[in-house]
Amino acid sequence: MQRKVEKAAVIGAGSWGTALSLVLADNGHEVRIWGHTPAQIEEINREHTNKKYLPEIKLPETIVGYTSLEEVLVGIDTIILAVPTKAIREVLNKISELKPASLTVVHVSKGIEPDTLLRISEMIEEELPEDLLEDVVVLSGPSHAEEVSLRHPTTVTVTSKDMSAAERIQDLFINQNFRVYTNPDLIGVEIGGALKNIIALAAGISDGLGYGDNAKAALITRGLAEIARLGAKMGASPLTFSGLTGIGDLIVTCTSVHSRNWRAGNLLGKGQSLEEVLKNMGMVVEGVRTTKAAYQLAQKYNVKMPITNALYDVLFNGVNPKDAVDHLMARTKTHEMEDLANILGDRL
């Protein structure tokens, strides 16, 4: 397809930021990638690799690494924000101080900020002044960086308050290996992408305990019900959770060894403490912070989220994972269709 060549800056040189840089480079765009570790950026520029995160991948020379935010933003009108949720405010604050030209910010992280309970798009709008922020676009969906970087078929979705901005980003990324849909439900896309990490942690715990496929299938389906209940209360469309950032994201994150949230949960199920797990992982596990935020959101909106509550107790109250699962199974009986009726009732 004919496309306009653009300059894009990817802020964050982890696995996902690097994989998306590769997609953009495949599409003929000029790509700058920013990271805060000089040795890593030097490796990207000299060896055209990022072995810590994607050891098998050779990067094209059109991907250029930077350690200076000021330099990476020169002449750029689109940035892809690919840093962990806990680092977003710090990075945005630095960008704001540099006062670049008005930017479209595409965020590709999946999380909710504890205590403020803000979605990432809301954090961006809070940190960047209006004269610096053209649009906020969210890119989300079932997508392991390892597979994207190998150019395996992947589908994601983009959303924004301004759907023309979402369509521009769709054109920026879409190619024969990386199919991009649009979805007008900004809240639903962000909630689905964030909360699936909670269920992935729970699925990993279940596998670590040796409970098998029956238990994991139950966690995925009942987890989806929890996500949809909360999402609907927050203003999302229930239909969104039957799509890529709902069931799609749950399947890929709860069933794959590529998922760092599943791996973290698996270690918890095998008896490691949360501190040991995070130390051994060596990477950010977004589901831990998101569990705290989702627990707070459930209280705020008076939504029943038993899996989230059980995981919160495991992570923050020292409850044994097996005891948490036993408690889930021993809850008062209910009717499966009550959830669907309640969710739809809230939206009709």
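The values are calculated or read from the model by the stated rules, or taken from the named source; none is laboratory data. From a predicted model like this one, the values you see are computed outputs, not experimental measurements. We place every Cβ from the backbone using ideal geometry, glycine too, and count neighbours over all the protein chains shown.
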Review point. So VAL303 clears everything in (1) under 13 Å from GLU226 (Cα atoms); (2) of a type outside the set (Asp, Glu); (3) in a helix (DSSP H, G or I) except one condition, right? Which one?
Key: (3)
Exercise for review: Look through the stretch 22-52, keep the residues that are farther than 23 Å from LYS4 by Cα, out of contact with any helix residue (DSSP H, G or I) (no Cβ under 8 Å at 6 or more places or on another chain) and part of a loop (DSSP other than H, G, I, E, B), and return whichever of them is modelled with the lowest pLDDT.
Suggested key: HIS36
Exercise for review: Return the pairs, sorted by first residue and then second, in which the second residue is assigned to a helix (DSSP H, G or I) and surrounded by fewer than 21 Cβ atoms within 10 Å (Cβ to Cβ), the first residue lies in the stretch 168-186 and is on the phi > 0 side of the Ramachandran plot, the beta carbons are less than 9 Å apart, and the residues are 6+ apart or on different chains.
Suggested key: none
Point to revise | Subset of the stretch 179-227 (residues that are basic (Lys, Arg), under 28 Å from ILE169 (Cβ atoms) and in contact with a helix residue (DSSP H, G or I) (Cβ under 8 Å, 6 or more places away or on another chain)) | key: LYS196
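Take the residues in the stretch 104-135 that are within 15 Å of ASP162 (Cβ to Cβ) and among the acidic types (Asp, Glu), then tell me which one is farthest from the chain's Cα centre (by Cα).
Of everything passing the filter in the stretch 104-135, GLU130 is farthest from the chain's Cα centre (by Cα).
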Point to revise | Any pair with Cβ under 8 angstrom, 6 or more apart, that starts in the stretch 12-23 at a residue that is more than 14 Å from THR67 (Cα to Cα) and ends at one that is among the acidic types (Asp, Glu) | key: SER15/GLU146; ALA19/GLU146
Revision key, fill the gap. Screening THR253, THR221, THR290 for residues that are on the phi < 0 side of the Ramachandran plot and touching a strand residue (DSSP E or B) at 6+ places or on another chain (Cβ under 9 Å) leaves only THR290
Exercise for review: Just one of (1) without any contact (Cβ under 8 Å) to a residue 40 or more places away in the chain; (2) surrounded by fewer than 23 Cβ atoms within 10 Å (Cβ to Cβ) trips up LEU150, so point out which.
Suggested key: (1)
Practice item. Hey, could you check the stretch 224-245 for residues that are outside any helix (DSSP H, G or I) and in contact with an Asp or Glu (Cβ under 8 Å, 6 or more places away or on another chain) and say which is surrounded by the most Cβ atoms within 10 Å (Cβ to Cβ)? Key: ALA236
Study note, to complete from the structure: The condition of being in a loop (DSSP other than H, G, I, E, B) and either surrounded by fewer than 22 Cβ atoms within 10 Å (Cβ to Cβ) or in the same structural domain as LYS161 (by TED's automatic domain parsing) (or both) holds, among GLY210, GLY248, only for GLY210
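Looking only at the stretch 102-137, which residues are among the aliphatic types (A, V, I, L, M) and closer than 18 Å to ALA13 by Cα?
VAL105, VAL106, VAL108
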Check your understanding: If you scan the stretch 122-138, which residues turn out to be assigned to a loop (DSSP other than H, G, I, E, B) and surrounded by 18 or more Cβ atoms within 10 Å (Cβ to Cβ)?
Key -> LEU128
